[in-house]
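Q: Questions regarding the structure given below will be posed in turn.
Nothing in this text is a laboratory measurement; each read-out follows from the coordinates by a stated rule. For clarity, every value in this text was computed on a predicted model and none was experimentally measured.
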Amino acid sequence: MNKLFSKKVCVLLLLCLVGVTAFAQKGYKKAYTLFDANGKEIGYDELVAALAQPDVVFIGEIHNCCITHWLEYELARSLYAIHKDKLMMGAEMLEADNQLILDEYMNRQISYDRFEAEARLWDNYSTDYAPFVFFAKENHIPFIATNVPRRYANVVKDRGLHYLDSLSDEAKRYLPPLPVSFTYKEEEQGAFALMHMMGKSKGNAEYLAQAQAIKDATMGWFIARNMKSKFLHFNGNYHSDFQGGIIPYLLQYRPGTTVKTVCSVRQESIGQLDEENKGRADFYICVPEDMTSTY
């Protein structure tokens, strides 16, 4: 009798759990969905397993997306748990001529206040990027400031790539080998218009494209120059979408490097990946359009 009663209780508990789970799933509002390149929904563990394979992982972000920033931090933790001291990290948000300041902060030789004051950090650094930089610091993960100093991107925007030849040898330490290969594509004008960077004349548009190219080339160069085994890089979507941006330069400077990309997208519905987003990356972080932004 007791055994029968116990079985009935177990069955009832199981039914209750199934009911609660079904109710929770029905009423659950997701903050994000992960997709593979084919638009198939995947889980976080599946994403981590795939990103653990290549030499370099590019996490493309929407700069004010809080969900992406949180996942960047989580992915850094997960990949470190797999790779340990083989992992290096880097970011568009830190510029190459601030590597010494970054190293001094990471090695606890200077305070955070001095790092913040002197490293030309983005306005949203403390909320969006500090967590994964601090994680790298606490776990002794080498962190590379990969982006071109903004003064050189600005001078290219105004005068073109050829002007970089006139810079001093000291300045060229923070640039990739010159000349930087570049082919102007007319269709890129639309992308620059969306980025609110479009000039009025064709010449200005080409220089703007060249300014983006020097950023991509510099990031590719400093990844290639510094990486030993595994490298996790954070950048805006534009710099790694469609296997473009940084990636052709990285492969030029370090042939044979294997790469996977993640793209962050906002959609009205995150139940499936919109057709317009397919083809941009190997994996996607899909966030509702009305998700809170950090700025």
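Q: I need the phi-derived Karplus couplings for the stretch 132-140: 6.51 cos²θ - 1.76 cosθ + 1.60, θ = phi - 60°, integer Hz, Gly and Pro marked x.
A: Result, rounded to whole Hz: 7, 5, 5, 4, 4, 4, 5, 10, 6.
Q: For the stretch 24-83, just say rounded, prolate or oblate: build the C-alpha gyration tensor, square-root its eigenvalues into a ≥ b ≥ c, call rounded for a/c under 1.5, and beyond that prolate if a/b exceeds b/c, oblate if not.
A: It is prolate, given that a/c is not under 1.5 and a/b is the larger ratio.
Q: Grab the Cα-Cα distance for Phe134 and Gln109, subtract it from 0.36 nm times how many residues apart they are, and report the gain in nm with one decimal. Display every interim value, and only then the final one.
A: Details: separation 25, 0.36 × 25 = 9.00 nm, distance 1.44 nm.
Here the answer is 7.6 nm.
Q: What are the ³J(HN,Hα) couplings of the stretch 86-91, residue after residue, when phi is run through the Karplus curve with 6.51, -1.76, 1.60 and θ = phi - 60°? Round to Hz, x for glycine and proline.
A: Result, rounded to whole Hz: 7, 8, 10, 10, x, 7.
Q: Using only the alpha-carbon atoms of the stretch 226-290 as identical scatterers, what base-10 log of I(q)/I(0) does the Debye formula give at q = 0.19, 0.20 Å⁻¹?
A: Each listed q maps to, in turn, -0.76, -0.82.
Q: To continue, here is another question. May I ask which of Lys30/Lys278; Lys40/Lys86; Lys86/Lys172; Lys30/Lys157 have a Cα-Cα span longer than 32 Å here?
A: Cα-Cα > 32 Å for Lys30/Lys157; rest within.
Q: First check a/c for the stretch 224-264, with a ≥ b ≥ c the square roots of the eigenvalues of its C-alpha gyration tensor; if it is under 1.5, answer rounded, and if not, answer prolate when a/b is larger than b/c or oblate otherwise. Kindly include the intermediate steps, with their values, before the conclusion.
A: Working: a/c = 2.02, a/b = 1.47, b/c = 1.37.
Prolate.
Q: Label the stretch 69-127 by shape, choosing from rounded, prolate and oblate, from the square roots a ≥ b ≥ c of the eigenvalues of the Cα gyration tensor; if a/c is under 1.5 it is rounded, and otherwise prolate applies when a/b is larger than b/c, oblate when it is not.
A: Values: a/c = 2.10, a/b = 1.52, b/c = 1.38.
Prolate, since a/c reaches 1.5 and a/b exceeds b/c.
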